[in-house]
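Below is one structure, written out as structure tokens; the observations come after it.
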Amino acid sequence: MLEAVVFYSLAALILGFGVMVITARNTVHSVLFLVANFLCVAVLYVVLAAEFLAVIQVLVYAGGIVVLYLFVVMLVNLKALPEARLDPRRRARLGLVLATALLAEVIAIVVYAANRPGAVAPPAEAPGALTAANTELVGRLLYTDYLIPFEVASVLLLVAMVGAILLARREA
């Protein structure tokens, strides 16, 4: 009963902070609400006995990603008017071709994964055998069953980093 109360309280806080992230008028306040949201998710991981995920949540998201967001917010002048003309160096067709190729690759991976023969079930463990540690289970699942979402997330973070670098450049 106590676990349910803690879970629903944390879920309400996470949803509340999520709404505050998108409704805050000041971008710095929005990023701070995002930090609070990430910390509540880390507490939820601790309640669910996933301590490794909680530590990674705090280090990677509340630490690294939010610092990247703050740098972008501080470097980009959000009050400046958008340019009236398009950038002549923009390559819209090349971007469309590359996006189509990426979409085709993702579709091919999904079709291949759906049509491959079923994996052999692992042997049942002996009743007295030691179970794997939480970190080992997360690593095994991350690099086997959830490899494609992991790679998609890494590509999205790479795109975000390149976008932040391009926005931060001060070329005319």
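The values are calculated or read from the model by the stated rules, or taken from the named source; none is laboratory data. Computed from a prediction, not measured in an experiment: that's the story for all the values here. When we count neighbours, we look across all protein chains shown, and the Cβ atoms used for this are built from the backbone with ideal geometry, even at glycine.
Data table
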item	result
Residue among V97, V6, V46 that is at pLDDT 90 or above, surrounded by 12 or more Cβ atoms within 10 Å (Cβ to Cβ) and more than 23 Å from the chain's Cα centre (by Cα)	V6
Residue in the stretch 12-24 that is at pLDDT below 90, among the aromatic types (F, W, Y) and in contact with a helix residue (DSSP H, G or I) (Cβ under 7 Å, 6 or more places away or on another chain) present	no
Single unsatisfied condition, P122 versus (1) closer than 30 Å to F52 by Cβ; (2) modelled with pLDDT of 85 or more; (3) loosely packed, with under 10 Cβ neighbours inside 10 Å	(2)
